[in-house]
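The values are calculated or read from the model by the stated rules, or taken from the named source; none is laboratory data. None of the values given here were measured: they were computed from a predicted structure. Note: ideal-geometry Cβ built from the backbone for every residue, glycine included; neighbour counts use all protein chains shown.
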Amino acid sequence: MIEIIDREAVGTLTNEMTVEFAAVSDNEAFARMAVAAFITPLNPTLEELSDVKTAVSEAVTNAVIHGYENRNDLVDKVWMKCMLRGDVLEVEIRDQGVGIEDVRAAMEPLYTTRPELERSGMGFAFMEAFMDHLEVDSRKDCGTNVRMCKKIGTNPWIDSEE
Amino acid sequence: MEDFKVIDNYLMIRLPDEIDHHSSVDISSKADRYILSGKVGNVVFDFERTTFMDSSGIGIILGRYKKVSCFGGKVYAVNADSRIRRILMMSGLKNIVEIIK
Ligand SMILES: Nc1ncnc2c1ncn2[C@@H]1O[C@H](COP(=O)(O)OP(=O)(O)OP(=O)(O)O)[C@@H](O)[C@H]1O
Ligand SMILES: [Mg+2]
């Protein structure tokens, strides 16, 4: 099942990187630092940096807690792919965990299946609010792919592709 | 690292630089030890050192609120920057935590 919010990113690929890491909670900080470093050449504002870090943290945390059921087992992997098309960042965070049966319901604010772990159901709402585009593709027992885009560097001295 | 201090019956929690799932587990369980000891009735979250917080922070605050509010206790947030205040607002926590300054 696929749920798409907002518009698509288009343009020529100008940079790309992929990391694979174990689905353990220590790597939540690693993932957001990696994406922050990746977009540094675009001179992001502190606000943009914070938006992207929060969105990535939400998606990676979901993979660890929900996808891999909070096992913190080194055999479980998360993949993060970052792409730049000019000044548009695209991030994909993928797991091969339990998947989501009803993506539309899962994306509703305050919807959570793990209240006992003190989850509040705000993760997707933050990803949606802090990024320009959010797309969730998931299949039960196969895994989840979260794709997010955001235009970076609203500073006037940065050339825009458009 | 976070640290804890008790003043009167207020538990003051100085939150770490980054609040995420990884750091939240410890903060919540330590805070609960103080709350369950019965020595504290209210909780003050101090965000002075905090530069990053995701939805895990919402869970910490809501979880402690549920524990103290049934005994009439309150939950406060102090020194939260505009970013953290925005996240608290978006999550509907403004009716639950008193945001000071
Ligand atoms: N990668 C994933 N694999 C399996 N299920 C997921 C995944 N990501 C999200 N979900 C499901 O979608 C629900 C909503 O996710 P969301 O991030 O919005 O809230 P949460 O993680 O429950 O709470 P919070 O993010 O506020 O801590 C989750 O409770 C879970 O059931
Ligand atoms: Mg989440």
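Side notes on the structure shown:
- The residues in the range B:61-78 that are within 16 Å of ligand 2 (Cβ to nearest atom) and more than 7 Å from chain A (Cβ to nearest Cβ) can be counted, and the count is 1.
- Number of positions in the range B:63-86 that are within 16 Å of ligand 1 (Cβ to nearest atom), buried (at least 21 other Cβ atoms within 10 Å of the Cβ) and either of a type outside the set (D, E, K, R) or outside any helix (DSSP H, G or I) (or both): 1
- Those residues of the range B:16-45 which are within 25 Å of A:Ala129 (Cβ to Cβ) and within 12 Å of the chain's Cα centre (by Cα), in sequence order: B:Pro16, B:Ile19, B:Ser24, B:Ile27, B:Ser28, B:Phe45
- Residue ID - surrounded by the fewest Cβ atoms within 10 Å (Cβ to Cβ), chosen from residues in the range A:93-112 that are touching a Lys or Arg at 6+ places or on another chain (Cβ under 8 Å) and either part of a loop (DSSP other than H, G, I, E, B) or modelled with pLDDT under 95 (or both): A:Glu101
- Residue in the range A:114-154 that is nearest to B:Gly59 (Cα to Cα), counting only those that are away from ligand 1 (no atom under 11 Å from the Cβ) and assigned to a loop (DSSP other than H, G, I, E, B): A:Met131
- Residue list for the range B:1-39, restricted to those being among the acidic types (Asp, Glu) and away from chain A (no Cβ under 14 Å): B:Glu2, B:Asp3, B:Asp8
- The conditions of being closer than 27 Å to B:Ile58 by Cβ and assigned to a helix (DSSP H, G or I) are not met by A:Asp73.
- Comparison of A:Thr40, A:Thr18 shows that the only residue that is more than 16 Å from ligand 1 (Cβ to nearest atom), more than 14 Å from the chain's Cα centre (by Cα) and of a type in the set (Val, Ile, Thr) is A:Thr40.
- Flag for A:Ala23 being at pLDDT 95 or above, within 15 Å of ligand 2 (Cβ to nearest atom), loosely packed, with under 13 Cβ neighbours inside 10 Å and over 30 Å from B:Asp81 (Cβ atoms): no
- Residues that are free of Cβ contacts under 8 Å to residues at least 40 places away in the same chain and within 11 Å of ligand 2 (Cβ to nearest atom) occur in the range A:52-70; there is at least one.
- When A:Glu92 is tested against (1) away from ligand 2 (no atom under 16 Å from the Cβ); (2) within 14 Å of chain B (Cβ to nearest Cβ); (3) of a type in the set (Asp, Glu), just one condition goes unmet, and that condition is (2).
- Among the criteria (1) away from ligand 2 (no atom under 16 Å from the Cβ); (2) within 18 Å of A:Ala29 (Cα to Cα); (3) more than 14 Å from chain B (Cβ to nearest Cβ), the one A:Glu48 does not fulfil is (3).
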